[in-house]
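Structure record follows, encoded as structure tokens.
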Amino acid sequence: MTKQPISRRHHYVPEFFLAGFTESGEKDDFLFVFDKDKKKQWKSKPDSVAFEHDYYRFDLKGIEPDYIENNFAKFESKASKVIKKIIKLREIPADEEFIILMNLIALMVVRGPQNRRIFSKPLEQMAKISLQIMTQTEERWKSIIQRMKRSGYDIESNITYNEFKKSLDRDGFSITLTREGQIYNSLKSLDLIIPLLIDRKWSLLISEDQKNKFICSDSPVALRWTIPVPAFWGPGFGMENTELTVPISNNLSLIGRFEGQSQKILAKPKYIAAINKITLIFAERFVYSANKDILWLRKNGNVGDTPDLISSLERPNKRTSLS
């Protein structure tokens with residue numbers, strides 16, 4: 001049997017998901033890409049965006065290099081059916097399909113390059129603190145080095161304690177998890193995130209306007225406060241008064257909150273604009289849309305001044321239910 005070639009183009013936003021933001025909703029159609037940094041726009045297919053080469057590659061003995069990518073592909077085969085069903089029926093699924101949807105959202109939280117770095121940073125900071133403890137005295141440092149060598153670790157011995165201590169004290173180096181460590185750490189965080197997503201009340205916003213459509217990005221899950229808070233206090237997935245927005249197609253977007261009730265809502269143009277602006281703010285770099293005129297996003301002033309239009313959905317007189 002001929003061995004399948006190792007996949008090297010690894011998407012952090014699934015190709016089938018991006019297909020929902022083409023004009024036809026199909027993977028072989030085109031979408032428009034907007035680069036926030038370079039302020040440029042071009043046309044592309046879903047398989048040519050939101051990927052990095054060898055992004056999930058595992059270079060560890062006994063594990064196939066594309067083990068993670070292959071397992072993602074198996075899960076995405078199930079998830080794509082759930083997303084297509086939501087788009088067709090305009091209903092949030094229940095039971096097993098709902099769990100698959102929550103797993104998909106959680107994966108998109110942890111898979112992006114920006115969030116991979118965010119989830120890795122605490123461990124890298126802890127490693128620096130551990131090194132400071134290890135180097136408090138030269139005797140402790142030498143004792144730890146000897147124990148590591150006896151345990152089989154290959155320790156470089158051409159740097160002296162004083163040189164290492166001096167570099168550590170002036171913060172003259174960085175600690176970075178390996179790609180394998182970053183992947184493992186990101187996937188472990190799913191155990192914490194998924195139950196918190198399941199506990200939220202999820203509403204489905206529906207656009208019936210062919211002109212006003214939802215956009216997607218390279219970081220499509222946005223977590224934000226629904227109340228004013230100090231700038232230094234970031235929202236968490238388990239915190240009340242927070243909201244997750246997840247556009248899932250040109251015409252549909254999910255909103256998840258702990259407060260209120262799940263419902264279907266006919267989204268007016270101003271609500272679509274508000275969600276699109278949030279999607280733009282949380283995008284790491286790239287925005288994807290079926291509309292050619294993504295550049296309107298540049299004309300709306302400071303994106304940090306986004307009005308809190310979505311919170312008005314909590315008011316009954318501002319809500320049009322489709323259920």
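Annotations
- Close amide H contacts of SER217 (hydrogens built in the peptide plane, cut-off under 5 Å, sequence separation of 5 or more or a different chain): TYR288.
- As computed over the range 172-244, the Cα convex hull volume per residue (Å³): 186 Å³
- Ranked by the mean number of other Cβ atoms within 10 Å per residue, highest first, peptides 63-74, 278-289 order as 278-289, 63-74.
- Simple spin-label estimate for ASP154 and ARG285 gives 3.3 nm between the two label positions (7 Å along the Cα-to-Cβ direction from each Cα).
- Ranked by how many other Cβ atoms sit within 10 Å of their own Cβ, fewest first, the residues MET108, MET239 fall in the order MET239, MET108.
- Model label sites at ILE133 and ASP47, defined 7 Å from Cα along the beta-carbon direction, differ in position by 5.0 nm.
- Counting only aspartates and glutamates at least 8 places from LYS165 when in the same chain, those with an alpha carbon closer than 17 Å to its own are GLU138, GLU139, GLU156.
- Cβ-Cβ distance of ASP59 and LYS81, R₀ of 25 Å, FRET efficiency by 1/(1 + (r/R0)^6): the value works out to about 0.15.
No value in this document is a laboratory result; all are computed from the given coordinates. Remember, predicted model here, so these are calculated numbers, not experimental data. Note: ideal-geometry Cβ built from the backbone for every residue, glycine included; neighbour counts use all protein chains shown.
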